[in-house]
Amino acid sequence: MTARLLLRRVATAAKATYLPAEAIALARAYALAPFDETVEIAMNLLVNPRRGDQLVRGSCFLPKGLGKTVKLGVFTSETYAAQALAAGADIAGDALIAMVEKGQADFEKVLATSEMVAQLKKYGKLLGPKGLMPSAKVGTVVDIFNLDEAIKKAKEGQVTFRVEESGVLHAAIGKASFSIENLVANYLALVQEVNRLRPASLKGKYVASAYLKTTHGPAWRLAAEAIDSKAKGSIL
């Protein structure tokens, strides 16, 4: 039995749930893939996503970033395309529209300025299934006066999330190479935002459970006080 496997078995037997720093330390210890694995969280929410008022979705800026630079497209009028490119967008304006009209979506994240929203509806069948349809509810539709800041955040560490039909919400919080302190900072930012979005119509418990893992590593269950702001002794 390897030392790592023994550590995992002992830790699992000794403790059923973990605080963020503990779970992150264990997840990093088992990030054994030959690449820098992503650290992910899965939260089981006691919501009914079929109800519009309980469809939890949003965006969050991770203060320590995601550990990678994403390819960002900005839907905006040609008047502001140069500004978007100067602020860090990879493609913007008419060039992005032309790409989408060819049925292509060669970008990982998207923003749109408010005047473009109506025009983008006809591209919903392409952008929607890829999670690239701009939406004010997740912070990807922005005012032109906030465009530069929105681009900076999107490039450096903003994640968007949406609860699945099963009630599970997945999100990345960084890379296994990050320090425990930086991953904890990102973790708290994300989980606090999910808690802030608790539906007003929901009665009773909000977060049933949550697990933290790396891309190919085992999952570590998080303590109630680390995932639900209304739990006894919550650290959020």
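The values are calculated or read from the model by the stated rules, or taken from the named source; none is laboratory data. Computed from a predicted model, the values in this text were never measured in an experiment. Cβ: placed from backbone, ideal geometry, glycine included. Neighbour counts: every protein chain shown.
In table form, for the structure just shown:
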quantity	calculated
Residue in region 95-122 that is modelled with the highest pLDDT, counting only those that are aliphatic (A, V, I, L, M) and loosely packed, with under 12 Cβ neighbours inside 10 Å	98
Hey, residue 231 more than 27 Å from residue 135 (Cα to Cα) and not in a helix (DSSP H, G or I) or not	yes
Qualifying residue in region 151-165 (condition: over 27 Å from residue 36 (Cβ atoms) and either crowded, with 21+ Cβ neighbours inside 10 Å or in contact (Cβ under 8 Å) with a residue 40 or more places away in the chain (or both))	yes
Matching entry among 82, 92 (being surrounded by fewer than 14 Cβ atoms within 10 Å (Cβ to Cβ), among the aliphatic types (A, V, I, L, M) and modelled with pLDDT of 90 or more)	82
Positions within region 96-131 being touching a strand residue (DSSP E or B) at 6+ places or on another chain (Cβ under 9 Å) and among the aliphatic types (A, V, I, L, M), in sequence order	96, 97, 99, 100, 105, 110, 111, 112, 116, 117, 120, 127
Residue within region 178-200 that is closer than 26 Å to residue 31 by Cα, modelled with pLDDT of 95 or more and part of a loop (DSSP other than H, G, I, E, B) present	yes
Extreme residue, nearest to residue 234 (Cα to Cα), among residues of region 192-213 that are among the hydroxyl-bearing types (Ser, Thr, Tyr) and out of contact with any Lys or Arg (no Cβ under 6 Å at 6 or more places or on another chain)	209
Where residue 191 falls short, out of the listed (1) surrounded by fewer than 20 Cβ atoms within 10 Å (Cβ to Cβ); (2) closer than 19 Å to residue 139 by Cβ; (3) out of contact with any Gly (no Cβ under 7 Å at 6 or more places or on another chain)	(1)
For residue 173: the one exception among (1) within 20 Å of the chain's Cα centre (by Cα); (2) outside any strand (DSSP E or B)	(2)
Residue that is surrounded by the most Cβ atoms within 10 Å (Cβ to Cβ) [pool: residues in region 36-78 that are under 28 Å from residue 231 (Cβ atoms) and of a type in the set (S, T, N, Q)]	59
